[in-house]
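See structure below.
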Amino acid sequence: MKVARFSQGGVIAFGIVDDDELVVLKGDPMFAGYDPTGDRIALRDVKLLAPVIPRSKIVGMAHAFFSDDEEREHAESREPLFFLKPNTAVIGPDDPIFLPAQSHDVRVEGELAIVIGKIAKNVTVENAEDVIFGYTIANDVTARDLLERDGQLARAKSFDSFCPLGPVIDTEYDWTSLHLTGRVNGEKFQKGTAALYKHSVAEVVAFVSSVFTLLPGDVILTGAPDRAEKVHDGDAVQIEIPGIGILTNPVKRL
């Protein structure tokens, strides 16, 4: 099932995607269930928004992919590494990624994102799937020059618009089937599959929940395969994951 958050006429609502229409719901299905209003709206007549606004945090996994099969075969087992982004970094489909005045080297990376659906603390690997509401597409934007200058990730990852999400949440997506493609102005810069993940989705959720409590609506970015791409004013970025859709965002200089 694909869940969309959308606006029409200044009203924000949720709906279930049914071909080229939305079955409008009475509330946020994460909290109110799938209770339809009886209305249907054509997708072309609405603006899709970020499908979730994290209530507390976005957790990004760092160095989450092996570079190739050889590295995977010879790698030592290590705990996942992560960083945090504020929820004010979130934007939706077709919203602009703004290049901050402080940076001249902003890069984009497409990722699969986990949307947490229940309060989760010290979740086991075996029970991790039970706290996942679904999956969406994320674009982890980084001011690379500020990262190198600061020697840490906080400022470089945290600017407004540095976490596009969308276009929908797929509640039944099979993360093991991941095939991700990133494009800038139609030119492919990134591709990857789930085969090179260093840790499974369940292992990531279990690890993160052992550090702090995850709340409904929290988002975990599972990491970027391949490489990041520098973007400039006027560029258009597309991140595609078959089964979920295509997340498109223009780039603008502040």
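Summary table below
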read-out	value
Residue in the stretch 121-144 that is within 20 Å of Ile91 (Cβ to Cβ), crowded, with 21+ Cβ neighbours inside 10 Å and charged (D, E, K, R) present	yes
Selection from the stretch 158-199 of residues that are closer than 28 Å to Ile16 by Cβ, open to solvent by 10 Å² or more (accessible area, probe 1.4 Å), hydroxyl-bearing (Ser, Thr, Tyr) and outside any strand (DSSP E or B)	Thr171, Tyr173, Thr176, Ser177
Test result for Glu79, open to solvent by 70 Å² or more (accessible area, probe 1.4 Å) and modelled with pLDDT under 95	yes
Flag if Lys198 is more than 16 Å from the chain's Cα centre (by Cα) and of a type in the set (Lys, Arg)	yes
Pick from the stretch 75-109, criterion charged (D, E, K, R) and part of a strand (DSSP E or B), ranking: farthest from Gln152 (Cα to Cα)	Arg107
Qualifying residue in the stretch 150-157 (condition: open to solvent by less than 60 Å² (accessible area, probe 1.4 Å) and out of contact with any Leu (no Cβ under 9 Å at 6 or more places or on another chain))	yes
Sole residue being closer than 29 Å to Phe6 by Cβ and either in a strand (DSSP E or B) or of a type outside the set (Lys, Arg) (or both), chosen from Asp145, Asp130	Asp130
Odd one out for Ala154, checked against (1) closer than 18 Å to Ile239 by Cα; (2) of a type in the set (Gly, Ala, Ser); (3) more than 14 Å from the chain's Cα centre (by Cα)	(1)
Hits in the stretch 25-40 (condition: surrounded by fewer than 11 Cβ atoms within 10 Å (Cβ to Cβ) and closer than 15 Å to Thr171 by Cβ)	Phe31, Gly33
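For every residue, the table says whether it meets (1) in contact (Cβ under 8 Å) with a residue 40 or more places away in the chain; (2) closer than 20 Å to Val237 by Cα.
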position: Asn87; (1), (2): no, no
position: Ile114; (1), (2): yes, no
position: Val125; (1), (2): yes, no
position: Arg144; (1), (2): yes, yes
position: Glu148; (1), (2): no, no
position: Phe162; (1), (2): yes, yes
position: Tyr173; (1), (2): yes, no
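Residue-by-condition table, conditions (1) charged (D, E, K, R); (2) open to solvent by less than 30 Å² (accessible area, probe 1.4 Å); (3) in contact with an Asp or Glu (Cβ under 7 Å, 6 or more places away or on another chain); (4) within 21 Å of Met1 (Cβ to Cβ):
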| residue | (1), (2), (3), (4) |
| --- | --- |
| Ile220 | no, yes, no, yes |
| Arg227 | yes, no, no, no |
| Val231 | no, yes, no, no |
| Pro242 | no, no, no, yes |
| Leu247 | no, yes, no, yes |
| Arg253 | yes, no, yes, no |
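The values are calculated or read from the model by the stated rules, or taken from the named source; none is laboratory data. These numbers were taken from a predicted model, which means no experiment stands behind them. Heads up, the Cβs are rebuilt from the backbone with ideal geometry, glycines too, and the neighbour counts pull from every protein chain shown. Side chains included, ligands, DNA and RNA excluded: accessible areas come from the protein's heavy atoms. Shrake-Rupley method; radii C 1.70, N 1.55, O 1.52, S 1.80 Å.
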